[in-house]
Amino acid sequence: MTVYLIRHAQSEFNAVYDPNGPDPMIFDAPITALGKTQAQQARIEVEKLDIAKAIVSPFTRTLQTAQLIFGNEFPFQINSEVREQLCNSCDVGSSPHELARKYPHLDFDHLDDCWWHDGKRDHRGLSVEPDEDLQKRANRFVDFLKRERIQSTAIVSHGNFIRALTGIKPHNCEVIEFQPR
């Protein structure tokens, strides 16, 4: 079973975020010009791989990255289980209605109105997802990959989610071969 994990391209949030400073409050951040270049470079790498389908997080940055890497080669399966851990403003998503307006060729009907983590709010008004919840979600996703015998698939996701699966914190548009165990 071969699965490739791909972290999204640089987002507007990534470009300005300082872990020692305040959250720049950029919700569902799109990718930057550098991010577009990163995704185009990843496309060259990915073309050499045996990928027949893509599972994509519903965040704007992952949707844009997947579109630049794969174009319209095959339909994307939108799956909120591969979303980022909610730690900052960029990890608050857009509603399925808004996503469908921006990406009318993709199906978001199966998503809840709030498909990202929703719980107790911090001083910023954000509902930070505990590490234990992220790990449980990652484990559920691995079980899904094994149960459904997913192969020849790219998972366009996020740094913390990929770290929860592999222990690796990838760079933007890094491609990691993953063998679910």
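The values are calculated or read from the model by the stated rules, or taken from the named source; none is laboratory data. Since the structure is predicted, the reported quantities are computational estimates derived from the model, not experimental observations. Note that each Cβ is placed from the backbone with ideal geometry, even for glycine, and that neighbours are counted across all protein chains shown. Heads up: the accessible areas ignore ligands, DNA and RNA and are worked out on the full protein's heavy atoms, side chains in. Shrake-Rupley method; radii C 1.70, N 1.55, O 1.52, S 1.80 Å.
Using a cutoff of 8 angstrom between alpha carbon atoms and counting only pairs six or more residues apart, the relative contact order for the chain works out to 36 percent. In sequence order, segment 16-28 has phi-based couplings of 10, 5, 10, x, 9, x, x, 4, x, 6, 10, 7, 6 Hz under the Karplus curve 6.51 cos²θ - 1.76 cosθ + 1.60, θ = phi - 60°, and Gly or Pro positions carry x.
Could you grab the relative contact order for segment 87-181? Cα pairs under 8 Å, six or more apart, rounded to a whole percent. In percent, rounded to a whole number, it is 20. If only the Cβ of Lys and Arg carry +1 and only the Cβ of Asp and Glu carry -1, the dipole of segment 1-88 around its Cα centre is close to 180 debye.
For the listed peptides 132-144, 60-72, a ranking on the average number of other beta carbons within 10 Å per residue, highest first, reads 60-72, 132-144. Value of Rg to Rh for the chain, rounded to two decimals, is 0.94; Kirkwood radius and Rg both from alpha-carbon coordinates. Computed on segment 7-101, with alpha-carbon pairs under 8 angstrom and 6+ residues apart, the relative contact order is 34 percent. Here the 3J(HN,Hα) profile of segment 60-70, calculated from phi with Karplus coefficients 6.51, -1.76 and 1.60 at θ = phi - 60°, is 4, 5, 7, 4, 5, 4, 4, 4, 5, 6, 9 Hz, Gly and Pro shown as x.
Counting Cα-Cα pairs of segment 1-50 in 5 Å increments starting at 0 gives whole-percent bin shares of 4, 19, 21, 18, 15, 11, 7, 4, 1. The amide H of Ile168, built 1.01 Å from its N in the peptide plane, has no neighbour under 5 Å, considering only residues 5 or more places off or on other chains. Placing +1 on each Lys and Arg Cβ and -1 on each Asp and Glu Cβ, with no other charges, gives the chain a dipole about its Cα centre of roughly 360 debye.
Estimated purely from DSSP H runs of n ≥ 4, each contributing -39500 (n - 2.57), the mean residue ellipticity at 222 nm for the chain is -10000 deg cm²/dmol once divided by its residues. Of His8, His171, the order by accessible heavy-atom surface (1.4 Å probe, DNA, RNA and ligands excluded), from most exposed downward, is His171, His8.
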